[in-house]
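The structure under discussion appears below in the form of structure tokens.
The values are calculated or read from the model by the stated rules, or taken from the named source; none is laboratory data. Bear in mind the structure is a predicted one, so any value in this text is a computation, not a measurement. A quick note on method: Cβ atoms are made from the backbone with ideal geometry, for glycine too, and the neighbour counts reach across all protein chains shown. SASA here: full protein model, heavy atoms, side chains in, ligands and nucleic acids out. Shrake-Rupley method; radii C 1.70, N 1.55, O 1.52, S 1.80 Å.
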Amino acid sequence: MFATALASSQPASAQSPFEDPPPDKIVITVATVNGSGCPAGTAAVAVSPDNTAFTVTYSDYLAQVGKGAKPTDFRKNCQLNLVVHVPQGFTYAIASVDYRGYAHLEKGATSVEKASYYFQGSSNTAAKSHEFTGVFDDNWQATDVSDIATVEWAPCGALRNFNINTELRVNAGTSDTTNTTSFMTMDSTDGSVSTTYHFAWKECPPA
């Protein structure tokens, strides 16, 4: 369902197979938040003014191994359950997703970012993972682009919650865990880094 590109993606509205976004405002509210990577109050959702995307910003999403890390810190996850209110007569899908963060990996260490999403009541789950290898000390970004032919649309005329599951995992490998620390984040110190989900839109058939 996904093709992977380590580059910035175009918003869904720029992809010709999809229709223009609806003019009316959409509203996304967080129904539930669970996971070691997103304690209460540390994940926020915002919709772009042109209805082409929404972003999830994390402020405490950090996985780490080595000096100063707890045994359970090597893996962090977050499960968001979102209520998406869309204008009448429209339905949506996720055309692409941009994942961003920062990672510091010592020689011999590796990390993995995993993510999946699905609509409530659907058995179809879109999932993808991205691996990184030390030595690495920089911002990271990965983009997943949906296969247009198999994109999963929200059911027309039904309010189905949208579930997002993400995970960060850091593996020590052969790195020196006594004197060094390797880590990976899905946030940034200034709050400017976030995960962006680009919408695809289409009109529902008349009832």
*Within the stretch 59-85, considering residues that are β-branched (Val, Ile, Thr) and open to solvent by less than 80 Å² (accessible area, probe 1.4 Å), the one farthest from VAL33 (Cα to Cα)*: VAL65
*Identify the single condition in (1) at pLDDT 95 or above; (2) open to solvent by less than 20 Å² (accessible area, probe 1.4 Å); (3) in contact with a Lys or Arg (Cβ under 8 Å, 6 or more places away or on another chain) that VAL135 does not satisfy, given that it satisfies every other one.*
(2)
*Among all residue pairs at least 6 apart or on different chains, which show Cβ distances below 6 Å where the first residue, located in the stretch 119-139, is touching a residue at least 60 places away in the same chain (Cβ under 8 Å) and the second is among the charged types (D, E, K, R) and part of a strand (DSSP E or B)?*
LYS128/ASP144; HIS130/GLU113
_I'd like the full set of residues that are out of contact with any helix residue (DSSP H, G or I) (no Cβ under 9 Å at 6 or more places or on another chain) and not in a loop (DSSP other than H, G, I, E, B), limited to the stretch 33-55._
VAL33, ASN34, ALA43, ALA44, VAL45, ALA46, VAL47, PHE54, THR55
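Filtering the stretch 169-201 down to residues that are charged (D, E, K, R) and at pLDDT below 90, which residue is surrounded by the fewest Cβ atoms within 10 Å (Cβ to Cβ)?
Initial filter on the stretch 169-201 (charged (D, E, K, R)): 169, 176, 187, 190.
Subsequent filtering for residues that are at pLDDT below 90 retains 187, 190.
Values: ASP187: 23, ASP190: 6.
That would be ASP190.
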*Here are some residues: TYR92, TYR102. Which one is modelled with pLDDT under 95, over 30 Å from ASP20 (Cβ atoms) and touching a strand residue (DSSP E or B) at 6+ places or on another chain (Cβ under 7 Å)?*
TYR102
